[in-house]
Amino acid sequence: MTTHEKETFLQTYQWASEWSQLPWAHDEPTLFLPEICKQRPPGKALDIGCGSGTDSVYLAMQGWDVTALDFVPKALEFTQQRAQAAGADVTPVEADITTWNVPHEFDLVLDHGLLHNMDPVRYDAYRERVMDALAPEGDFVLLHWHPLYPGQGNGKVGPNRTSREDIKAFFAPDFHERFFAREEFEDLPDMVGGGMTQAYYWFQRNLAELRPSELIEQVRSTLERHSVATDAEPEISDELWARIVGPGRLGLTHARPEPADAREVLSQWVVQHGADTADLPRLLAVFASDEFGALCGGAPKCGECNVTFCKRLRSR
């Protein structure tokens, strides 16, 4: 951690006599957390940079086993005070996420505005710890500032504004974006750079990257289920290839490729994961072709498909 970062946060906490005086204090849980709590049973949650404690306490009240992590002792004090007042339990950990030894996997990882206040020299270490922390079926929620208008700079004290494209690229190929939301603030103090767009991300593991052999078997089992012969070599359009390998379906790339580049994206993925360079492209072509499988064409038949790693099935 750089001295500038730590000193800035320590000074802010020294000034605040209660959690509500912190500039980043918020009363309501971070966007997407309530929906996640509705969709899945409570598990282990990690709140990176717990700050004022709102999210840690909210999750604990929903039955989650919460680890509240922050490098500022007073942040942990605020969080514990609020948890005790609410009759909830959280596990406080005083540590810097970029040097923390992650003890186990978490079903939910949350960052409400830590990354955008971090020195870029520590980004790689941050990313590595988040990857270590998130379970294969876990959810990762991130709040990050974006520019309000093209070319907008950062304020004297940050936070760092980053585009949606760069955030997605930073976490690719390991994560795919499930949901995204944004809120614009047109007028903020000059010291933080004036206005900004506050962006919320709900990421999940890209299982095509995490378990590539299982993805291939899911394609193969779907074809077997429908008694589709796999020895044919049909041609499908570049446009359809782009849709199949793009983030909306198999997620072999975090951004939808240009149609002319889609086959190369597939080839690189095949080589990277040691798959058969002829077998998988043929299987996918049969899978999509109207003449043969007709399962993943322009109007995909998701109800007849076993490829649960596809975003269309995971997100529906």
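Taken together, the values in this text are just the output of simple stated rules run on the coordinates, not laboratory data. A quick note: this is a predicted structure, and the numbers were derived from the prediction, not measured. No Cβ is skipped: glycine too gets one built from the backbone with ideal geometry, and neighbour counts run over all protein chains shown.
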- Message: Using 30 Å as the Cα-Cα cut-off, could you pick out the over-long pairs in LYS74/LYS311; LYS44/LYS156; LYS38/LYS301?
- Response: LYS74/LYS311; LYS44/LYS156
- Note on the structure: When the chain is treated as a Gaussian network with springs between alpha carbons less than 10 Å apart, the largest mean-square fluctuation among LEU76, LEU31, LEU188 is found at LEU188
- Using only Cα atoms, figure out Rg for the stretch 209-314 and give it as a multiple of 2.2 N^0.38 Å. 0.95
- Under the helix-only model (-39500 (n - 2.57) for each DSSP H run of 4 or more, divided by the residues of the chain), the mean residue ellipticity at 222 nm, to 500 deg cm²/dmol, is -10000 deg cm²/dmol
- One finds the C-alpha centres of the stretch 232-283 and the stretch 32-106 to be spaced, in Å, by 40 Å
- If one builds a Gaussian network model of the chain from Cα atoms under 10 Å apart, the most fluctuating residue listed among LYS74, LYS156, LYS168 is LYS156
- Query: On a 0 to 90 degree scale, rounded to 10, what angle separates helix 73-86 from the longest Cα axis of the chain?
  - Reply: 80 degrees
- Task: Mind putting together the pair-distance distribution for the chain? All Cα pairs, 10 Å bins, whole percent per bin, short to long.
- Result: 6, 24, 29, 21, 13, 6, 1, 0
- Item | Between 0 and 90°, nearest 10: helix 3-15 axis offset from the chain longest Cα axis | 50 degrees
- Task: Please list 99-105, 267-273 highest first by mean number of surrounding beta-carbon atoms within 10 Å per residue.
- Result: 267-273, 99-105
- Query: Counting alpha carbon pairs within less than 8 Å and at least 6 residues apart, what relative contact order, in whole percent, applies to the chain?
  - Reply: 11 percent
